[in-house]
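These notes are about the structure you will find just below.
The values are calculated or read from the model by the stated rules, or taken from the named source; none is laboratory data. Please read these numbers as outputs of a predicted model, since none were measured by experiment. Cβ placement follows ideal geometry from the backbone for every residue including glycine, while neighbour counts extend to all protein chains displayed.
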Amino acid sequence: MTSSPAHPASEPAGDRVETGGRRRPTLRSDLRAALPDGLIALVVTGAVFALIYVRIRAGTSSTLSVMPFMADTGKFWMYFLSQAFGWSALLWAWITVVLGLFLSGPRPSWPPLSGQRLERLHRTTSLNTIALIAAHALLFAAELFRSDSARWDSALVTAFVETFVPGGYVSGTGRIAIPIGQAALYLAIPLGLLFYVRHRIGPKTWRVLHRFVIAVYVLSVWHTLLYGTNVWYDGWFRTAVWLLQIPIAALLLLRLLRPARRSEELRGPRAHTGSPTGWGLRLGGRLAIAGVIVALIGVIVSGYDGGRTAPPEDTSSSHVEHD
Ligand code: HEM
């Protein structure tokens with residue numbers, strides 16, 4: 001990595017650093033650049049919140065089938081807003097993973113953006129994904145705090161522990177689903193933000209670590225399908241969430257088969273310069289992703305997607321605690 005001449009003194013400090021003649025993005029400059037898509041994310045969250053709210057009022061939301069006591073929208077609005085942020089977080093995670101795979105695999109002709117613009121959009125959507133996940137979790141904590149009748153200080157500690165400390169939420173499906181969500185959040189922060197110190201840790205180390213960010217996405221989808229009350233039961237919406245994973249798996253496979261960096265190509269075992277174990281592992285990775293695509297198609301076609309059996313039309317007698 002080379003350093004380049006300093007920028008004029010009038011430029012903001014966050015933008016002064018350069019690499020190889022190109023301005024090196026900093027966290028500060030990217031946070032500024034993240035505003036437009038952050039605003040779009042807020043509009044999307046607002047629209048999802050409105051939809052959830054209307055469905056609760058109309059009694060058609062499956063959240064109500066799981067937790068009938070939530071019919072009081074005036075009381076539980078923070079919970080519904082947390083759900084809405086969960087959906088925008090998942091959507092932004094999907095977008096940022098797709099953009100990342102466009103950058104590291106074969107570049108499609110659409111969207112018609114330069115590599116630099118695409119890269120910047122990938123970084124800003126990543127930052128917004130972290131912010132949206134944080135908002136989702138914080139609103140859940142706020143709802144726990146609001147509904148706790150204990151003294152405010154003890155209610156605050158309980159809400160914090162149940163939301164942010166692995167193992168702090170001790171009942172029902174949440175015992176597994178909440179730590180999965182926490183793992184996604186806690187991995188997303190370093191794996192996303194290490195980019196801004198890559199000149200210190202070395203670009204190669206950064207690239208190797210950043211690859212694991214796909215785990216954040218997998219954990220997020222797992223958490224949603226396990227715990228989201230709007231995808232609690234079998235139905236088209238749950239199937240749609242599964243379906244959306246096919247493009248991700250296909251792009252991941254393409255990225256492995258036709259990486260943007262020629263050095264990452266998997267050549268024949270004879271042409272491979274590294275160890276045979278390394279070659280075997282790389283081949284295994286590609287086969288595993290192909291297997292995931294087949295499994296995803298199997299799940300969608302067979303309908304065995306982990307959804308609970310749909311509740312009866314009249315849910316007033318089917319109270320199942322969602323804990
Ligand atoms: C500290 C981490 C997290 C906590 C405490 C948390 C908490 C929760 C809770 C309590 C629910 C159940 C809401 C319901 O009744 O539907 C939920 C659902 C959900 N979460 Fe999370 N979550 C976390 C991380 C994540 C992450 C990383 C994502 C995705 C990027 C995510 C996306 C979602 C989605 C999409 C739902 C479904 C909401 C619905 O069904 O309407 N969550 N989460």
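The numbered conditions (1) within 11 Å of the ligand (Cβ to nearest atom); (2) part of a helix (DSSP H, G or I) are all true for Tyr169 except (2).
From the list Ala142, Ala150, Ala188, Ala159, the lone residue that is within 11 Å of the ligand (Cβ to nearest atom) and either polar (S, T, N, Q) or over 21 Å from Leu35 (Cα atoms) (or both) is Ala159.
Here is a yes/no grid of residues against (1) basic (Lys, Arg); (2) assigned to a helix (DSSP H, G or I):
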position	(1), (2)
Leu226	no, yes
Ala240	no, yes
Arg255	yes, yes
Arg270	yes, no
Gly291	no, yes
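Within region 21-56, the set of residues being part of a helix (DSSP H, G or I), touching a helix residue (DSSP H, G or I) at 6+ places or on another chain (Cβ under 6 Å) and more than 19 Å from Ala89 (Cβ to Cβ) comprises Leu27, Arg28, Ser29, Ala33, Ile56.
Listed conditions (1) closer than 29 Å to Gly115 by Cβ; (2) under 22 Å from the mean Cα position of the chain (by Cα) are all met by Gly46, apart from (1). For Leu113, the conditions (1) more than 27 Å from Tyr196 (Cβ to Cβ); (2) touching a helix residue (DSSP H, G or I) at 6+ places or on another chain (Cβ under 8 Å) all hold with the exception of (1). Residue selection: Leu132 fails the criterion of being modelled with pLDDT of 95 or more, farther than 28 Å from Arg238 by Cβ and under 19 Å from the mean Cα position of the chain (by Cα).
Name the single residue that is nearest to the ligand (Cβ to nearest atom) among those in region 65-97 being surrounded by 15 or more Cβ atoms within 10 Å (Cβ to Cβ) and among the β-branched types (Val, Ile, Thr).
Looking at the filtered set, the residue picked out is Val66.
Residues in region 118-157 that are outside any helix (DSSP H, G or I) and crowded, with 20+ Cβ neighbours inside 10 Å: 0 in all.
Restricting region 76-110 to residues that are free of Cβ contacts under 8 Å to residues at least 40 places away in the same chain and over 21 Å from the mean Cα position of the chain (by Cα) leaves a set whose member that is farthest from Ile178 (Cα to Cα) is Ser109. Take Ser109 and decide whether it is hydroxyl-bearing (Ser, Thr, Tyr), away from the ligand (no atom under 14 Å from the Cβ), over 30 Å from His210 (Cα atoms) and assigned to a loop (DSSP other than H, G, I, E, B). No; evaluated as a whole, the condition is false for this residue. Looking at this structure, is Phe102 at pLDDT 95 or above, surrounded by fewer than 18 Cβ atoms within 10 Å (Cβ to Cβ) and assigned to a helix (DSSP H, G or I)? No, not satisfied. Every residue in region 1-20 that is in a strand (DSSP E or B) and modelled with pLDDT under 50, please. Residues satisfying the conditions do not exist here.
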